[in-house]
1. Given that compact globular proteins tend to follow 2.2 N^0.38 Å, what is the ratio of the alpha-carbon Rg of the chain to that value?
2. Over the chain, calculate the relative contact order: mean separation of alpha carbon pairs under 8 Å at least 6 apart, over the residue count, as a percent.
3. Please give the charge dipole size of the chain, origin at the Cα centre, charges +1 on K and R Cβ atoms and -1 on D and E Cβ atoms. Round to the nearest 20 debye.
4. What is the helix-to-structure angle for 46-62, meaning the angle in degrees between its Cα long axis and the longest Cα principal axis of the chain, kept from 0 to 90 and rounded to the nearest 10?
5. Could you sort the peptides 149-159, 167-177 by per-residue average Cβ neighbour count (10 Å cutoff), highest mean leading?
6. Carbon and sulfur atoms: what percent of the 1.4 Å accessible area of segment 112-227 do they account for?
7. Cross-link candidates for Lys213: which aspartates and glutamates have Cα within less than 15 Å, leaving aside residues fewer than 8 places away along the same chain?
8. In square angstrom, what is the accessible area per residue of the chain with a 1.4 angstrom probe?
Amino acid sequence: MKKIVILTGAGISAESGLKTFRDSDGLWEGYNIEDVATPEAWLRNPELVQDFYNMRRKAVLEARPNAAHYALASLEQKYDVTIITQNIDDLHERAGSTNVIHLHGIITRSQSSQNPSLTYPVEGWEIKMDEVCELGSPLRAHVVWFGEAVPMIDPAARICSKAELFILVGSSLAVYPAAGLVNYVPASVPKYIIDPKIPYIDQNRTFIKIEEKATVGVPVLVSELMN
Ligand code: NAD
């Protein structure tokens, strides 16, 4: 089966009601990222950071996958599909995709604040401040903060280098190292980008640009690929 690699960003979940990041002037749901999405923020004000991610988790649990998530899941009937997502929501999985790499973690799990490889499912929407991991350290959201290592980046780069068709959906390509993954896709491979505001791509590699919202552009491309 032909290998399709799809890199998704916050834009694919926008029409499920989860706000993107750059669209709101560098703020995330009204917060500066330095105040909620860095190790320093956690040291300074853990309650604020915990509350912020508890709210994001609540929103994710209330959201539903949209037509773009479902269309990508249907590609598995004909292709060997890997989705590499920057998103911390689980909408790809809930739409039926079975091979999803979360570069930046997943909000439905918690993580030890001492050892990031210790993760646990979150019961309900809230991690409470007195919850601890098996080492006795407080639990935080299982997400990669700015300034933290991205453990899945090497496997993701290897997968991109083996792609036979590549699709980018809903990412500003402003967050590294994720944005650099497009450079691992071989030059000869057909590449598509779906975004209502196509981001600048720093390379001569030709992307076929579909300047549409995800729920419009993705199902059209998928139906072409399924024919
Ligand atoms: P970004 O917010 O920086 O960029 C969003 C991109 O999506 C933009 O290019 C925008 O034009 C596009 N977009 C907006 N509406 C769209 C639509 N309806 N259909 C298709 N595209 C649309 O997102 P990013 O590049 O993923 O980087 C943001 C970082 O913040 C990520 O690392 C991610 O972890 C995090 N984040 C995650 C979520 C989520 O999990 N749903 C939401 C916000 C932020």
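1. On the way: Rg = 17.5 Å, N = 227, 2.2 N^0.38 = 17.3 Å.
So the Cα radius of gyration is 1.01 times the expected 2.2 N^0.38 Å.
2. RCO, the chain: 24 percent.
3. Values: 21 positive and 28 negative charges, 155 e Å.
Dipole of the chain, to the nearest 20 debye: 740 debye.
4. 40
5. Top of the packing list down: 167-177, 149-159.
6. Values: 3350 of 6290 Å².
The computed percentage sits at 53.
7. Filter leaves Glu15, Asp23, Asp195.
8. For the chain, the solvent-accessible area averages 48 Å² per residue.
The values are calculated or read from the model by the stated rules, or taken from the named source; none is laboratory data. Everything numeric here is computed off the predicted structure, so don't read it as measured data. Neighbour counts run over all protein chains shown; Cβ positions are idealised from the backbone, glycine included. Quick note on the areas: whole protein, heavy atoms, side chains included, nothing else; ligands and nucleic acids left out. Shrake-Rupley method; radii C 1.70, N 1.55, O 1.52, S 1.80 Å.
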